[in-house]
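Presented below is the structure to which this report refers.
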Amino acid sequence: MFTKKIVTFASLAVASSTVFAEVGDISIGVGAGLTQGTGFEIGYEVSENVTVRAVSYSGELSRTESLDDISYAMTIKTETPGLMVDFYPSEGRSFRLTAGAVDNGNGLSATAAAAVSYDIGQNTYAAADVGSLKSEIAFSGITPYVGLGYQMHATKQLSIDFDAGMLIGSAPVVTMTTSGTPVGGTFEADLEEERKGLEGDLSSFRYLPMAKIALTYKF
């Protein structure tokens with residue numbers, strides 16, 4: 001009798017775990033990430049184990065940072081619309097493996113803070129001669145994403161989703177400009193050296209970690 005009850009309970013548990021998703025279900029979610037800002041998601045259940053999600057996240061952050069010995073006032077913008085495919089290896093549809101791609105529109109605009117002089121390349125230049133020193137750091141192109149996720153079911157239709165993964169793309173491209181041109185003939189070469197040095201410092205950013213939490217409602 002006791003064994004029969006255990007079997008019955010287990011059967012009900014399995015049955016309840018499989019009703020969280022049916023083929024053709026559509027879900028809508030809103031979320032926030034550590035590196036990608038806020039956004040929304042729309043999902044479609046392709047099969048019992050596979051979901052396709054269209055995602056769009058964006059954000060903006062201002063901060064002051066020192067890059068290559070020059071202090072910059074930065075504006076960081078993130079924009080990562082994309083398409084994800086989730087695979088759930090178990091019937092409970094909690095743990096998932098995710099692969100996809102985003103249109104990497106992340107970028108950074110930086111203006112050098114006011115100073116008496118700037119060390120650029122191999123030389124020091126008066127700020128009055130350099131003028132406004134600006135750097136633009138841009139990512140571009142379709143960027144692959146791989147990650148892991150966990151879906152915590154609050155009800156049959158409502159869930160809290162956790163995702164962590166990484167974008168694996170090309171290194172960012174750096175552009176540096178000034179409003180003035182110091183005399184002497186070496187400034188352009190020094191500015192190019194500074195640009196290449198900054199680009200090298202940022203080369204590791206081709207690997208961009210991502211983590212987010214989302215509230216999802218399934219219709």
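The values are calculated or read from the model by the stated rules, or taken from the named source; none is laboratory data. Remember, it's a predicted structure, so these values are computed and weren't measured experimentally. Cβ placement follows ideal geometry from the backbone for every residue including glycine, while neighbour counts extend to all protein chains displayed. The protein model used for the area step is the full one, side chains on, heavy atoms only, and it has no ligands, DNA or RNA in it. Shrake-Rupley method; radii C 1.70, N 1.55, O 1.52, S 1.80 Å.
Scanning region 27-41 for residues that are part of a strand (DSSP E or B) and touching a Lys or Arg at 6+ places or on another chain (Cβ under 7 Å), we see that the one that is farthest from Ala214 (Cα to Cα) is Ser27. When region 43-55 is filtered for residues that are under 22 Å from Ser90 (Cα atoms) and either part of a strand (DSSP E or B) or open to solvent by less than 50 Å² (accessible area, probe 1.4 Å) (or both), the ones remaining, listed by number, are Gly43, Tyr44, Glu45, Ser47, Val50, Thr51, Val52, Arg53.
Residues in region 194-205 that are open to solvent by 30 Å² or more (accessible area, probe 1.4 Å), at pLDDT below 90 and either within 11 Å of Val174 (Cα to Cα) or touching a strand residue (DSSP E or B) at 6+ places or on another chain (Cβ under 7 Å) (or both): Glu199, Gly200, Asp201, Ser203. Just checking, does region 113-125 include any residue being assigned to a strand (DSSP E or B) and touching a Gly at 6+ places or on another chain (Cβ under 7 Å)? Within region 113-125 (the criterion being assigned to a strand (DSSP E or B) and touching a Gly at 6+ places or on another chain (Cβ under 7 Å)), the answer is no, since none of the residues qualifies. Scanning region 79-88 for residues that are open to solvent by 40 Å² or more (accessible area, probe 1.4 Å) and closer than 22 Å to Val174 by Cβ turns up at least one hit. So for region 201-212 (the condition being of a type in the set (A, V, I, L, M) and more than 29 Å from the chain's Cα centre (by Cα)), does at least one residue qualify? Within region 201-212, not a single residue is of a type in the set (A, V, I, L, M) and more than 29 Å from the chain's Cα centre (by Cα). Applying a threshold of 6 Å to beta carbon distances and a minimum spacing of six or more residues, or different chains, the list of pairs starting in region 94-108 at a residue that is over 14 Å from Val55 (Cβ atoms) and in contact (Cβ under 8 Å) with a residue 24 or more places away in the chain and ending at one that is basic (Lys, Arg) and assigned to a strand (DSSP E or B) reads Gly107/Lys77. Scanning region 47-75 for residues that are among the hydrophobic types (A, V, I, L, M, F, W, C) and either in contact with a Gly (Cβ under 9 Å, 6 or more places away or on another chain) or more than 19 Å from Thr98 (Cβ to Cβ) (or both) yields Val52, Ala54, Val55, Leu61, Leu67, Ile70, Ala73, Met74.
The sole residue among Thr78, Thr111 that is farther than 18 Å from Thr35 by Cα and in contact (Cβ under 8 Å) with a residue 24 or more places away in the chain is Thr111. If the condition is being open to solvent by 70 Å² or more (accessible area, probe 1.4 Å) and in a helix (DSSP H, G or I), then region 163-188 contributes only Glu188. Condition first: closer than 26 Å to Phe205 by Cβ, crowded, with 19+ Cβ neighbours inside 10 Å and of a type in the set (Val, Ile, Thr). Can you find one or more residues in region 106-117 that meet it? Checked region 106-117: no residue is closer than 26 Å to Phe205 by Cβ, crowded, with 19+ Cβ neighbours inside 10 Å and of a type in the set (Val, Ile, Thr).
Test Met74 against the criterion of being open to solvent by less than 80 Å² (accessible area, probe 1.4 Å), within 30 Å of Leu191 (Cα to Cα) and either at pLDDT 85 or above or not in a strand (DSSP E or B) (or both), and give yes or no. For Met74, the condition - open to solvent by less than 80 Å² (accessible area, probe 1.4 Å), within 30 Å of Leu191 (Cα to Cα) and either at pLDDT 85 or above or not in a strand (DSSP E or B) (or both) - is met. Kindly indicate whether any position in region 148-162 is among the basic types (Lys, Arg) and surrounded by 13 or more Cβ atoms within 10 Å (Cβ to Cβ). No - not one qualifying residue is present in region 148-162. When Leu34, Leu12 are screened for being under 24 Å from Thr98 (Cα atoms), aliphatic (A, V, I, L, M), surrounded by fewer than 15 Cβ atoms within 10 Å (Cβ to Cβ) and at pLDDT below 90, only Leu34 passes.
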